[in-house]
Each structure stands twice: as structure tokens, then as C-alpha cells.
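In what follows, a single structure is set out as C-alpha cells and then discussed.
The numbers here are math on the coordinates, done by the rules we state, and not lab data. Keep in mind it's a predicted model, so treat the numbers as computed, not measured. Methodologically, a virtual Cβ is constructed for each residue, glycine included, from the backbone with ideal geometry; neighbour enumeration extends over all protein chains shown.
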Amino acid sequence: MVTIRDIYAQRAAEMALAQSELRFHMAFDGNVAPMTVTNLEDRITAVNDSFCAMVGYSREELMGKDSKIFTYPEDVGITEESHRRALFGEADQNRYISDTCARTSAVIFVEVSRTPARDEEGKLLYFVFSERDITEERATSALNCRTRRCTTRSRDWPTVPYSWTDCPKPTPGSLDKVEPVPCS
């Protein structure tokens, strides 16, 4: 008995997958936008160099950590709600503005985009985050607003930056906690 197996289709599928993975890694690792990948428990499984530079931690320090550790305490609810909505399929993509505490004790205003990654059957696999530092935009907006003698003030676009206070530097081992870094 002779068995003939057509390996052309299998080989083509393997090559297509390898090319797809290469494109993703080139877009992710080489992106100037800070990016992270988290698992379904919201723990970091991948980060690019831009994200490491923004928050001041190395890739090794970030792997496996809860993504909320960088979130300003007042904004933890926003992050948790985004995660909940994504897990339960209430929103295919979430976008929100959050304050991020960096290792340098700076508070960074960040526009966050959370996108779920799904398999062919639609099963949720992980999340891809793309972030954009909007600190300068907000400062410019606040300055322009004061210049025009604007009197309205809101949590989203304050006339005076409301959280330009410094975050305390994390203590050794504080990245191991699930709670966010406490900012004052």
C-alpha cells in the first residue's frame, strides 16, 4: 500500500502563518506608539520598546504584571470597565483616556485603545493595547483655555492640569502587587 500525501497545502499554510507572525512582530516591536499585549486576566505578556520608554520599566520587569499598576488610582475604574466590556463582548474595541504613573514619578495622560484578538471561531485570545501620550496636547489645551479666559472646567479637559502631582516612586517589589501604584 502506498500513501501519497500532498504537503503543498500544509507547507503554504505554514509559510502564510510565519509571514503573518513576522508582519505582526515588525508592526508591534518597531512601532513608535507604546504597545502592550495582555492575557484575558489583564496581565502583560508582551511590550514594545516604546511602552518601556514611556513608563520607565524594562521588558523583564513588566512581563506578567497586572496592567493596572500604571493607572492613576482615580482612573482604575475606567480600566476595569474597559476590561469587563471587552471580556463580555460588549465592545469590540475600547478607547479611553487614562492617567499613567511612570517610574520617574511623572503622570502621563494617555489615550488607550484596547483591541481584542480572536481566533477563527471568534474565541477571545488576548488584548492588544496601543497607547498615545497626549500630555503635551492636554497642557496646550489647558494653556489655550486659560489664555482665552475660559471658565469652564471638567475632569476630561481641565483648565489647569488636575493631576500634575508626582507619583511616589514604586518600592522594590511593588510591581508584584495587583493594585495600582498609589499616586498622590
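Okay, here's what the table says:
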{"item": "Residue list for region 62-81, filter: hydroxyl-bearing (Ser, Thr, Tyr) and outside any helix (DSSP H, G or I)", "result": "71, 72"}
{"item": "Selected residue (criterion: surrounded by the fewest Cβ atoms within 10 Å (Cβ to Cβ)) from residues of region 82-116 that are small (Gly, Ala, Ser) and not in a helix (DSSP H, G or I)", "result": "89"}
{"item": "Test: residue in region 31-52 that is of a type in the set (Val, Ile, Thr) and farther than 27 Å from residue 87 by Cα", "result": "yes"}
{"item": "Of residues in region 17-38 being outside any helix (DSSP H, G or I) and surrounded by 13 or more Cβ atoms within 10 Å (Cβ to Cβ), the one farthest from the chain's Cα centre (by Cα)", "result": "31"}
{"item": "All positions within region 39-61 that are part of a helix (DSSP H, G or I) and either loosely packed, with under 14 Cβ neighbours inside 10 Å or within 12 Å of the chain's Cα centre (by Cα) (or both)", "result": "50, 51, 52, 53, 54, 55, 59, 60"}
{"item": "Region 64-91, residues that are over 13 Å from the mean Cα position of the chain (by Cα) and closer than 20 Å to residue 28 by Cα", "result": "64"}
{"item": "Top-ranked residue of region 72-81 - restricted to ones that are in contact with a strand residue (DSSP E or B) (Cβ under 6 Å, 6 or more places away or on another chain) and more than 14 Å from residue 38 (Cα to Cα), ranked as surrounded by the fewest Cβ atoms within 10 Å (Cβ to Cβ)", "result": "78"}
{"item": "Residue within region 121-141 that is within 28 Å of residue 17 (Cα to Cα), surrounded by fewer than 14 Cβ atoms within 10 Å (Cβ to Cβ), free of Cβ contacts under 8 Å to residues at least 24 places away in the same chain and within 13 Å of the chain's Cα centre (by Cα) present", "result": "no"}
